[in-house]
Amino acid sequence: MLQSGMPRLALLALITLCIVLDLALKSWARAELPGEVRPWLPGVLDLTLTYNTGAAWSLLSGAALPLALVRGAVGLGLVVFLLRRPRPTGQALALSLIAGGALGNALDGLSAGRVTDMLASPALSAVTRALGQGDFPVFNLADVWVVGGVLLLLLSEWVRARRTRGVVPA
């Protein structure tokens, strides 16, 4: 098995950084954004405060506590997995981002009974409206970590598979 190019301490530091940045942005949003929409990157990203007691697109709305427990279990499970089984660098980075995002939303859900969201994308909303699905949901930095981690995991596995077949040089 390939060993991770990242020491365990670096992985823990990355996970911790993801959590701290997510919770700090959530705290700032609760203090600075009530009732306000602030364009940040015009047409691309706005800042606005909303709360979600469910998952994406308000799925499982009202299930904040069970979802927080599941997110926490997934995040902690990934941390244990990363500490016990060194992974290739791309996979380790991806799983660290997913763990950090899951734990950030778990901590927010456990402490507040809901998850704080503050990032709105007019560009993504244009796409979802064109598909007849209304506005793209407001999201948070933890969601960005999870989605980014999943995309990085898919990419790293695709590259690994191509290397295994000899299509991409190591």
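Restricting segment 23-57 to residues that are open to solvent by 70 Å² or more (accessible area, probe 1.4 Å) and within 17 Å of the chain's Cα centre (by Cα) leaves a set whose member that is modelled with the highest pLDDT is TYR51. When ASP117 is tested against (1) buried (at least 18 other Cβ atoms within 10 Å of the Cβ); (2) within 29 Å of VAL159 (Cα to Cα), only condition (2) is not met. All of (1) outside any helix (DSSP H, G or I); (2) open to solvent by 60 Å² or more (accessible area, probe 1.4 Å) hold for VAL150 with one exception: (1). When you check LEU33 against the structure, is it over 18 Å from LEU107 (Cβ atoms) and in contact (Cβ under 8 Å) with a residue 60 or more places away in the chain, yes or no? Judged against the criteria, LEU33 is a match. Selection of first residues in segment 88-106 that are under 21 Å from ALA161 (Cβ atoms) and of second residues that are open to solvent by 20 Å² or more (accessible area, probe 1.4 Å) and outside any helix (DSSP H, G or I), restricted to Cβ pairs under 6 Å at least 6 apart or on distinct chains, gives the following pairs, ordered by first then second residue: PRO88/LEU2; THR89/SER4; THR89/GLY5; THR89/MET6; ALA92/SER4; ALA92/MET6. Looking across segment 80-101, the residues that are touching an Asp or Glu at 6+ places or on another chain (Cβ under 8 Å) and under 20 Å from PHE139 (Cα atoms) come down to GLY100, GLY101. Within segment 64-87, the set of residues being within 13 Å of ARG8 (Cα to Cα) and either surrounded by 17 or more Cβ atoms within 10 Å (Cβ to Cβ) or small (Gly, Ala, Ser) (or both) comprises LEU78, VAL79, LEU82, PRO86, ARG87.
Does VAL146 satisfy the condition of being touching a Leu at 6+ places or on another chain (Cβ under 9 Å) and more than 12 Å from LYS26 (Cα to Cα)? So VAL146 passes the test. Inside segment 47-99, can you point out the residues that are of a type outside the set (S, T, N, Q) and part of a loop (DSSP other than H, G, I, E, B)? Correct list: GLY54, ALA55, LEU59, LEU60, GLY62, ALA63, ARG85, PRO86, ARG87, PRO88.
Of all residues in segment 113-135, those that are without any contact (Cβ under 8 Å) to a residue 24 or more places away in the chain and under 13 Å from THR50 (Cα atoms) total 0.
Does GLY35 satisfy being in contact with a Leu (Cβ under 8 Å, 6 or more places away or on another chain) and not hydroxyl-bearing (Ser, Thr, Tyr)? Yes: the conditions hold for GLY35. Scanning segment 102-120 for residues that are in contact with an Asp or Glu (Cβ under 7 Å, 6 or more places away or on another chain) and among the small types (Gly, Ala, Ser) returns GLY104, ALA120.
The values are calculated or read from the model by the stated rules, or taken from the named source; none is laboratory data. Note that this is a predicted model, so its numbers are computed, not measured. Backbone-built Cβ (ideal geometry, glycine too); neighbour counts: all protein chains shown. Note: accessible area is taken over every heavy atom of the protein model, side chains too, but ligands, DNA and RNA are not part of it. Shrake-Rupley method; radii C 1.70, N 1.55, O 1.52, S 1.80 Å.
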